[in-house]
Structures are given as C-alpha cells and as structure tokens.
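As structure tokens, the structure follows; a few thoughts come after it.
The values are calculated or read from the model by the stated rules, or taken from the named source; none is laboratory data. Just so we're clear, the structure is a prediction, and the values are computed from it rather than from any experiment. Because the Cβ atoms are built from the backbone with ideal geometry, glycine has one as well, and the counts that use them run over all protein chains shown. Side chains included, ligands, DNA and RNA excluded: accessible areas come from the protein's heavy atoms. Shrake-Rupley method; radii C 1.70, N 1.55, O 1.52, S 1.80 Å.
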Amino acid sequence: MTTFLALTIAGLVVGCIYALTATGLVVTYITSGIFNFAHGAVGMVAAFAYWQLTVEWGWPAPLALVAVLFVLAPLLGALIERVLMRRVHGQPVEVSLVITLGLLLFLIGVAYTLWSPSVARVLPLFFSGHTVRMFSVTVTWHQLLVAVVAAAVAVGLRLYLFRTRSGTALRAVVDDPGLTALTGASPGRLGQLGWVIGSVLAALAGIMLAPLVTLDVLTLTLLVINGYAAAMVGRLRNLPLTFAGGVVLGLFESYAVGYLPGGLLSRVKPTLPIIFLFLVLLLLPDRRLRVGRPPARLGGTNTSLRKALLTAAVFVAAAWVVSGFLGGTDLTTATKGIVLSVVMLSLVPLTGFSGQISLCQLTFVGFGAFAMGKVAGGGSWFGVVAAVLFAGVAGALVALPALRLKGLYLALSTLAFAQAMTAVFFNNNAVFGQGGALHVGRLGFPGISLDGHRSYFVFTAVVFALLGIGVTMLRGSVFGRRLAGMADSPMACVTLGMSLTRTKLAVFTLSASIAGLAGVLYGGVQGSVGSADFEMLQSLVILLLAVIWGVDSVVGVLFAGLLYALFPVIQQNLIHVRTLAFLGTGIGAIGLGSHPEGVVRQTKAQVEATLRRLRRQPAPTEIAGAGAGADSVPVPASVVASVRSGPRPVDAPAPALELLGIRAAYGRIEVVHGVDLVVPPASVFAVLGPNGAGKSTLLKVAAGQVQPTAGHVHVDGVHVNGMPPEALARVGVCTIPEGRGVFANLTVSENLRMDTFAAGARGHDVEDEAFTRFPRLRDKREQLAGTLSGGEQQMLSMARAVVTHPSVLLLDEISMGLAPIIVGELYELVGQLARDGIAILVVEQFARHALAVADYVAVMAQGRIERVGEPADVADTMTDAYLKGVA
C-alpha cells in the first residue's frame, strides 16, 4: 500500500506539471487558433534562465521568479505573437505548423549556444530539505508546492476566463475574431494576451519540472512536450478536461514505472506519454478532429517527359563534371547532400502534392538503413528491396491509424510515432548492436565498383535524377491529380467517388518507400549508422528545410538537401554556434510567414518580374492603389475622439456617414467601382440589389473590415480610412454582420458582456437594457447563443445596436433565413432606432421590409450605384437591376 501511495503522489506531482504546460498550450490555441509546437522550448528556456539567475548569479529565488515569470516569459510571449504569429492569421495550417516548429528548433539552438551541453547543471528543489509525512509517505515541500500552484492556476484561470470581461473576450476571439473586432474589442491585443498567459504557464511548468529531472535542453523540452497529450484530452478547448488529462497522464506514467517488468520498462518508459498521446488522438471522436487541414501549396506547372529527361541528364552531367573538382571530404559532403535531397524528395508527393504533414520521415530512412545493413552483409540488392518494402510497410502502418487525422492532429501523431521509434527501436541495443552502430555497405554493379567517392556521388545523383523524373511525372498523372484534389477539397473528392482512405494509404506508402531507399544511400555514405542519425528533431529539420525551399519542387528539395549537408562545414568556422542546423533552419522557418511559397518559387517570381521590367513588359494586371493606399493612414486619438464630441457647424451638420469614390477589391478582382453614398443623421438608407452586386463589400468598407483601394470614408465628417473595425466600433459605428452576428460558444449574457467594449457601460446595465428591449432573451441568459433559434440569435445580435447607442448602424442582410413575422419585428426596431437619432445603412437582397422603413434607397448592380432616391422613385431601376443581376 505504501508503494501505491508513493507512486500516486509522484504521479500527481508530474501530472500537475503536465496540466500546467497543457493549460498554457490550450490558452494559446483557443485565443489564436495556432498550436504552439515551441511551447516546450519556451518552458525549457525559462528554466535555464531561472538557473542562470539563481545558481550562476546568486539572485534570491523570489526575485528570480518575478524576473522570469513576470518579465522574461511575458515579453517572450508578446514578442512571438507580435513578430511571428500575427502574420500567420489567414495562412494555410501548414504555415503555422512550420513556423512554430521552426521556433522550437530556434529556441533549442539558442539554448545550446548560451548554455553549453557539456556542462552539468542542477536546479535545486524549492524548500530543499523540507519534507512532510502523508499517509506513511514522505513528501517534499517542492511536491506540495507543485500541486498547490497547479490547483491555484486551474481555479484562477477558470475564474478569469468565465468571470471577467477580458476573459470572456479571450474566449470570444476563438469563436469569431472578426466579430470580436466589431464589438470594439481588439483581436490582436487579445491574441497577444493569450500568448503571454501561455508563455508564463510554460515557464512555470519548466521551472517546476527542472529540479525533478536533469537540466538538459532536449530532456526538458521533450518532457514539457509530453503535456501535448493532456491538451488533446481537453480537445484544445476544455480547460478542466485538460487539467484532468495532465493528472491522468502523470498517474499513468507513475503506475507504469512502478508495476511494469524492469526489462520492458527500460524500453517503454520514455514512450509512455507518447503512447498516451497516440491513444488520445485515435479515440477522440472524428467530429472533433476537423480543426483544419494544410491546403495545397501553390500549384506548379506540369512538365513534359522530354523536358524532365533533359533536365535530369543535364543534372547528372553537371554532377559528373563538378565531382572532378572536389576532393574526398568535399565529395562525401556533396554526396550526403544529394542523399538528404532524396529524403526530402520523399516529402514532395506527401506534403507538397497532397498536403499531408509528416514529422517522422527520418524514421523511415532509419528503417531503410537498418534493413539494408541486416540483409546479406549490408551491400546487396536484396537489401535494397528489403529496405524499400520495410519502410513502405511501416509507412502504411503509420497511415492506417492516421487515416482519420489531418492537419495538426496528423502532425502530432507522426511526431509521436517518431519519438516512440527513437526510444523503442533506434535506442534499442538489439537493433544497432551494443556498440550503437550497424554496418551498411555500398551497392555495386557487375564490373562497376561504387567504392570510390566520385563514383558513388555520381550514382546518388543518378538515383535522385530518376526519382525526380518520377515525382515530376506524378504531378500530372491521374494519381497526382487525386493528391491535389485531396489537398484542396477532401469533401469534393468524396462526393466524386474518390477513396480518400486508399489515396492517403498509397501516398504514405510511396513516400515512406522513397525514404527507405534514401536510407540505403545514407548508409552507403556513412558506412555505418546509429541511433543518433535518426532522432526526431532531425526529422523536423528535414521537413522545415524542404518547406522553406519549396516542398512541391524537385529543385527546391535539391537545394535544401545540399544546404543541410553544408551546415557542419559552415559551423566549423562558427565556433560559438553549437547547433547551426537548428538555428539556421529555425530562422528560415520563422521567415516563412512572409513568403509561404518557398525560396525557389519566390526567386522564380522575382526573376520573371525583373525580366519583364528589362523588356519593358507590364506586370500582370493589378488594381490601382491595391492595399491600404495613400488614404489608409492612422487617425490620431484626438481626431478619433472628435467623431463623437467634435464641434459641428449649426447650419451645416455633417453627414453621419460618407462614402466617396469607393473602390474595393479582393485580390485582383475589383467588386466595387467608384461608389458615392451619403447617409444623413437619423435616417434609414437602404442599399438594395441582387446577390453579387457588391452591397456587402460596400458595407464592410464602411465597417473597416475591407480597406478601400481608392476613395474616402467619413464618419460624422472625420476621415477614418485605415481605422480597424474595433476602433470604429468604439467611436460609434455598430455593425450587425450577415449570418447571425453572435458568439455561438458564449452564453447570452456573455455575448452582451462583449458589447461593453463599445458601450462603455457595466455588464449589468447592458443586460438590463437588452432584456428590456428583447424580454424573450431574459430567460435564456445562461443558454449558449449557438443553441438559440435563428430569430433569437438575430435579436441578440440586434441588441448590440440597442445597448451601444451608436451614431451609425450598419446592417447586413438581417432578414436572411428568418420567418416573415420575425423580420417584420426587426425592421420595426430599425425604424424606431432611426427615430431615436441613429443613422442606419442597411444592405438587403429582399427589398420589401427595407423599403417600408427606408428614407432613402440606393439601387446597386455589378458594383455600381444605378440610382439613388426615395423609395417611390426607384422602383423601375430596382426591376432593371435585379434582372441585370440575374442575367
């Protein structure tokens, strides 16, 4: 019984640490939608910084804790969000994954540079030497402190998120960042706050964990990463479940250590959290796994077989010529670069074409090298067959449980597989022998020896060229089109009768088989392989370099592989940089947010643009003034304040809203063409027209959601171009967007609490005013808004117009999907609001109710205003406009 209690206490302590780090990870995710793979590295850096302050520099522990938890960690979190993650919003999922993985490697590289791994470091326990007896078990004060801190964080965070306005806003950002801005709250600042909280919790977990383990960069990073499994239990949303998952994980690990047989334990112990993560991923309901997918990268042009053969021949000839100028060491480095390019080439059909993320590619390379070394002395063609088959079968087995996973979850499952194989397979003495190395020979042909450096280099170049031809031809094949379709729209593929299961299984098998062949070549270069050659972090470097250079490009992965092989050579001249591969790759991946297309495609585009300029050819048609434009300048705070309080001439009151010469575009497609519109105070101005006329885009320009490519927006006579939606909301522009502008996962009361950002009132006052206008909502105040009826949701959305007392109200298709009686009630409210002094711009496709309350009407068709007048004056123009829209 004593043993069980001791194991339980140890498990609870570790579980509380896992719960801390998982909680921080979930907070970051729910406020930004980005899974921070660098979360563990943040905790690791904080632990080392705390050691530096306390042990090395002799700071008192309380002062060091304040410095790390309330200065360093918040600054790091804010900096990561502001510099890196804010640029990622709206990018494909694969871009955010790559950037956070790059940040992970970068922080590991920084830690290795600042704190030499050759120096042993120990961080003392808090209250070292103090213990207490609990149920016949001795418990240290450090263990008690961990449990108390974890419980306090869980309770405090729960109260903060559900009882405070800013906490409610943090949860609202998850539901709809755009709608959050329309309420007057800043999504950017809220997202930054989420990253700050996540960084602080990661730092706290790292500092609590470090005294219990060796203060080692990789050990600490990977142990904090174990908290990912707890985050998955909470499904990246539910904090109580996340905390419970951390505790269960700690107990699971502790009981396994106590009761598993010693021989099995030595192999399984490092993988217990990974096994837990894998089980959680597989057991989660499929409906919960639809967070997103990495969409296909920019499609490349198909290449003819003749051009591919010619390019391959030129490459092999160039390799033969270059090899004549290289010495033995340089040839080995170049050969290794070609082999690494083959490894990255295996990612082209998997990640580049089909959009599937794999963080275990080097594991398949290791399987191939192992099979080659074990068959017929390590240098036989039978070994090649065995390597390709072994790796291919392993790839299929990995794909089978991952068939229902995508995006983030697929990345996590392959990460778990790579880490598990590192512990169970590659670090197993039965695999590489007691010495940790397995001999792998080189292939040969009758009468041709590949033992020489030059001959083997040319041979690897030939293999890469042949595989490159195959991958290039794959893009334009039927299977290649299926891969592209699976990346672009899985649902459409299923609708067309395509089997996603067979397609994903086939591409995983193909990719792993190519990686297994690369393992044969890798073993031939090295002469022998060991467990250190196939660590999980090296797989991250492989993926990131491929994506940085262009994972859908054969040329891109060639350059990426050569660069990876050159890292050790470059590092010899940078004695103060201990992990150039991690630092260099991390920096490159971090910069991917600005150019997600990759170096090769970006360079190609720049060269083509330069050639056009030299030939004096115009660039592809762009909309003049695209982007923010000269008019999109920040408005000083004093001017913003004057929107409501500034003086106005008594004899000439400024229009409530002016849209002058407005042009707006989505990319290169202009949808609003020079529109002028003036909304007087205390009036209803209806913009009517068929679907696709540009009405909603015009309203989004007025709301600040779309920046005009030309023209001016004035609110009460003040120029507001460039002001974000949240700033406009705070100065009196209230927007009710199309499609029920409510936060589905917040309660009715919490939705109303969000309106306090623009109203400047207390939550209770806002609720009382809203319930007075819409008494039906009072009894549903604790009900989730997403469970309300359509009419009730629209009432809750319209409550914002009641409680914020705006000067300008923008309404977008408020009648859509509602019963006529509800629509009539809403438009009666619109008329009443206008009589109360609010200027209202309403966009409608169905005109009858809008015409009943409108003072003025603009008829819009094909991005232009056809006519403006009173309702009775525009009937004929409306008919023509709707017919034109249909045509």
* Sort through 529, 507, 471, 478 and tell me the only one that's free of Cβ contacts under 8 Å to residues at least 24 places away in the same chain, farther than 23 Å from residue 585 by Cα and among the β-branched types (Val, Ile, Thr). => 478
* Which residue, of 416, 396, 423, is touching a Phe, Trp or Tyr at 6+ places or on another chain (Cβ under 7 Å) and either farther than 28 Å from residue 555 by Cα or not hydrophobic (A, V, I, L, M, F, W, C) (or both)? -> 416
* Structure fact -> Every listed condition ((1) surrounded by 24 or more Cβ atoms within 10 Å (Cβ to Cβ); (2) out of contact with any Cys (no Cβ under 8 Å at 6 or more places or on another chain); (3) part of a helix (DSSP H, G or I); (4) modelled with pLDDT of 85 or more) holds for residue 230 save (4)
* So is residue 727 in a strand (DSSP E or B) and surrounded by fewer than 24 Cβ atoms within 10 Å (Cβ to Cβ) or not? -> no
* To do: Can you work out which of the residues in the stretch 668-678 that are open to solvent by 10 Å² or more (accessible area, probe 1.4 Å) and under 38 Å from the mean Cα position of the chain (by Cα) is farthest from residue 835 (Cα to Cα)?
  => 668
* To do: Would you please name the residue that is surrounded by the most Cβ atoms within 10 Å (Cβ to Cβ), looking only at residues in the stretch 522-545 that are β-branched (Val, Ile, Thr) and in a helix (DSSP H, G or I)?
  => 542
* Asked: Can you name the residue in the stretch 341-370 that is of a type outside the set (Phe, Trp, Tyr) and open to solvent by 10 Å² or more (accessible area, probe 1.4 Å) and, of all such residues, is farthest from the chain's Cα centre (by Cα)?
  -> 362
* **Flag if residue 830 is surrounded by 21 or more Cβ atoms within 10 Å (Cβ to Cβ) and either part of a strand (DSSP E or B) or in contact with a Ser or Thr (Cβ under 9 Å, 6 or more places away or on another chain) (or both)** => no
* Asked: What residue, of 193, 201, 212, is open to solvent by 40 Å² or more (accessible area, probe 1.4 Å) and at pLDDT 90 or above?
  -> 193
* Please determine, by comparing only the residues of the stretch 809-824 that are of a type in the set (A, V, I, L, M) and open to solvent by 10 Å² or more (accessible area, probe 1.4 Å), which one is farthest from the chain's Cα centre (by Cα). => 821
* Structure fact -> Scanning the stretch 51-73 residue by residue, the ones that are of a type in the set (S, T, N, Q) and surrounded by fewer than 15 Cβ atoms within 10 Å (Cβ to Cβ) total 0
* Asked: If residue 31 satisfies every condition in (1) modelled with pLDDT under 85; (2) at negative phi; (3) of a type outside the set (Phe, Trp, Tyr); (4) open to solvent by 10 Å² or more (accessible area, probe 1.4 Å) but one, which is the exception?
  -> (4)
* Asked: Residues in the stretch 730-773 that are polar (S, T, N, Q) and not in a helix (DSSP H, G or I): how many?
  -> 3
* Structure fact -> Within the stretch 148-169, the residues that are open to solvent by 40 Å² or more (accessible area, probe 1.4 Å), among the small types (Gly, Ala, Ser) and either more than 16 Å from residue 749 (Cα to Cα) or over 29 Å from the mean Cα position of the chain (by Cα) (or both) are 151, 152
* Answer with yes or no whether residue 400 is open to solvent by 10 Å² or more (accessible area, probe 1.4 Å), in a helix (DSSP H, G or I) and modelled with pLDDT under 90. => yes
* Structure fact -> Restricting the stretch 679-697 to residues that are under 21 Å from residue 831 (Cβ atoms) and part of a loop (DSSP other than H, G, I, E, B), the one most open to solvent (accessible area, probe 1.4 Å) turns out to be 681
* Asked: Which residues, counting only those in the stretch 233-248, are assigned to a loop (DSSP other than H, G, I, E, B) and either among the hydroxyl-bearing types (Ser, Thr, Tyr) or open to solvent by less than 40 Å² (accessible area, probe 1.4 Å) (or both)?
  -> 234, 236
* Asked: Which one is most open to solvent (accessible area, probe 1.4 Å) among residues in the stretch 742-764 that are in contact (Cβ under 8 Å) with a residue 60 or more places away in the chain and touching a strand residue (DSSP E or B) at 6+ places or on another chain (Cβ under 8 Å)?
  -> 745
* Answer yes if at least one residue in the stretch 581-601 is in contact (Cβ under 8 Å) with a residue 12 or more places away in the chain, open to solvent by less than 20 Å² (accessible area, probe 1.4 Å) and of a type in the set (Asp, Glu), and no otherwise. => no
* What is the number of the single condition among (1) part of a loop (DSSP other than H, G, I, E, B); (2) modelled with pLDDT of 85 or more that residue 405 does not meet? -> (2)
* To do: May I ask you to list the residues in the stretch 285-333 that are modelled with pLDDT under 60 and part of a helix (DSSP H, G or I)?
  => 286, 287, 288, 289
* Only one of (1) part of a loop (DSSP other than H, G, I, E, B); (2) open to solvent by less than 30 Å² (accessible area, probe 1.4 Å); (3) without any contact (Cβ under 8 Å) to a residue 40 or more places away in the chain fails for residue 806. Which number is that? -> (3)
* Does the stretch 848-874 hold any residues that are part of a helix (DSSP H, G or I) and among the aliphatic types (A, V, I, L, M), and which are they? -> 850, 851, 852, 853, 872
* Asked: Residues of the stretch 701-722 being under 20 Å from residue 805 (Cα atoms) and either of a type outside the set (A, V, I, L, M) or open to solvent by 10 Å² or more (accessible area, probe 1.4 Å) (or both), which ones?
  -> 704, 714, 716, 717, 718
* Asked: Looking at the stretch 425-498, what helices (runs of 4 or more DSSP H) fall wholly within it and have at least 3 residues that are under 30 Å from residue 327 (Cα atoms) and modelled with pLDDT of 85 or more?
  -> 453-476
* Structure fact -> Screening 665, 626 for residues that are over 28 Å from residue 873 (Cβ atoms) and either modelled with pLDDT under 80 or surrounded by fewer than 17 Cβ atoms within 10 Å (Cβ to Cβ) (or both) leaves only 626
* Asked: Which one is surrounded by the fewest Cβ atoms within 10 Å (Cβ to Cβ), of the residues in the stretch 124-142 that are touching a residue at least 60 places away in the same chain (Cβ under 8 Å) and in a strand (DSSP E or B)?
  -> 134
